[in-house]
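The values are calculated or read from the model by the stated rules, or taken from the named source; none is laboratory data. Fair warning: this is a prediction, and the values are worked out from it, not measured in the lab. Cβ placement follows ideal geometry from the backbone for every residue including glycine, while neighbour counts extend to all protein chains displayed. The area values use the complete protein model at the heavy-atom level, side chains included, leaving out ligands, DNA and RNA. Shrake-Rupley method; radii C 1.70, N 1.55, O 1.52, S 1.80 Å.
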Amino acid sequence: MTAVQLPELPRRVPVRRIRQILCLLPLLLVTVVAVEHRSVLAEGFGHLRNARLPWLAVAVGTTCLAWVAAALTRQGAVVEPLPKGRLLATQFAAGAANHLLPTGLGASAVNLRFMTGCGLPLARSSAALALYLLAESIGRLALLAALLIAFPDALRLGPLLPDGAMGPLLLAVVTAVVVAVCVLASVRRLRTAVFSFLRTALGEARSVHLRPARALALWGGSLSFPALQAAGLVAVGQALGLDVPPAHMALAYLAATVAVALVPVPGGIGSVEAALIVALVAAGGPVAVATAVVLAYRIITVWLPLLPGALTLGALVRLKVI
């Protein structure tokens with residue numbers, strides 16, 4: 001008999017090696033994003049040198065409190081108690097992931113992994129994630145509506161959208177809804193999965209609202225999170241002497257972030273800056289000062305936490321928290 005030599009099968013990559021690669025990946029992405037936006041970083045740090053330090057300290061404080069508000073909202077979206085320290089660290093890491101992947105995918109993936117790691121089934125974790133996103137959106141829109149009612153002449157919303165953009169935008173929304181309904185009606189397996197998820201999500205929401213502490217955490221956090229973000233912009237505006245009333249600056253922030261919510265850019269980098277500058281100018285601020293305020297604000301809220309957030313993300317992956 002002639003011996004037949006079988007082809008050597010490819011070796012499986014050890015799970016430990018994959019985890020090590022995942023630990024280093026956030027740092028690599030931070031480096032790429034920082035190099036790509038190095039001119040913005042240099043200009044933003046230049047503006048910070050001329051700012052009033054007490055107001056900058058307020059902006060840093062509101063940024064840190066925003067992570068606490070996010071953790072509070074996440075806890076309010078599930079009935080089971082989550083480990084507080086790991087929950088807060090996960091929100092800090094999720095902030096970094098959110099600026100490295102488009103349209104909130106980074107933060108959602110990190111929190112989904114965290115909840116499933118805490119023992120929640122995938123269906124309930126997904127339902128809790130959807131409840132969080134819904135509550136945060138409602139909270140942001142509620143604050144925006146309240147400020148628009150209180151200060152109806154504070155902001156001209158027209159400049160936030162290019163001329164002639166409203167019609168195509170509405171057409172795109174209607175088209176997306178019609179396509180989604182047609183797909184659900186024609187694909188039975190997808191329709192079954194969607195209805196099953198909706199039943200799970202409604203059950204999760206009902207269970208949360210039957211507990212007053214969880215409901216208070218959910219809605220209190222969802223209102224506090226955008227309010228703290230807006231307060232950070234107001235503090236930076238005060239630090240750089242922007243001649244716009246604080247309530248009008250908060251209104252400009254909320255309007256700008258709502259306007260760019262559907263832009264598929266990592267962390268809104270680029271689109272958020274442009275919308276914020278336009279909104280602050282629409283609120284009555286000079287273009288040069290508004291630009292300086294926005295760049296300094298994004299340095300504090302995005303770029304300074306990005307590296308420690310990426311390190312925290314890598315540590316959580318290494319510790320198998322996510």
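Computed quantities for the displayed model
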quantity	calculated
The range 302-314 - residue that is open to solvent by 30 Å² or more (accessible area, probe 1.4 Å) and under 20 Å from residue 229 (Cα atoms) and, of those, modelled with the highest pLDDT	308
Given (1) farther than 20 Å from residue 285 by Cβ; (2) touching a Ser or Thr at 6+ places or on another chain (Cβ under 6 Å), index of the condition residue 232 fails	(1)
One residue from 233, 210 being open to solvent by 50 Å² or more (accessible area, probe 1.4 Å) and aliphatic (A, V, I, L, M)	210
Subset of the range 97-132 (residues that are open to solvent by 20 Å² or more (accessible area, probe 1.4 Å), part of a helix (DSSP H, G or I) and farther than 21 Å from residue 81 by Cβ)	98, 105, 108, 109
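Let's see how each residue does on (1) without any contact (Cβ under 8 Å) to a residue 24 or more places away in the chain; (2) open to solvent by 50 Å² or more (accessible area, probe 1.4 Å); (3) within 16 Å of the chain's Cα centre (by Cα):
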| position | (1), (2), (3) |
| --- | --- |
| 221 | no, no, yes |
| 227 | no, no, yes |
| 244 | no, no, no |
| 249 | no, no, no |
| 257 | no, no, yes |
| 279 | no, no, no |
| 282 | no, no, no |
| 286 | no, yes, no |
| 295 | no, no, no |
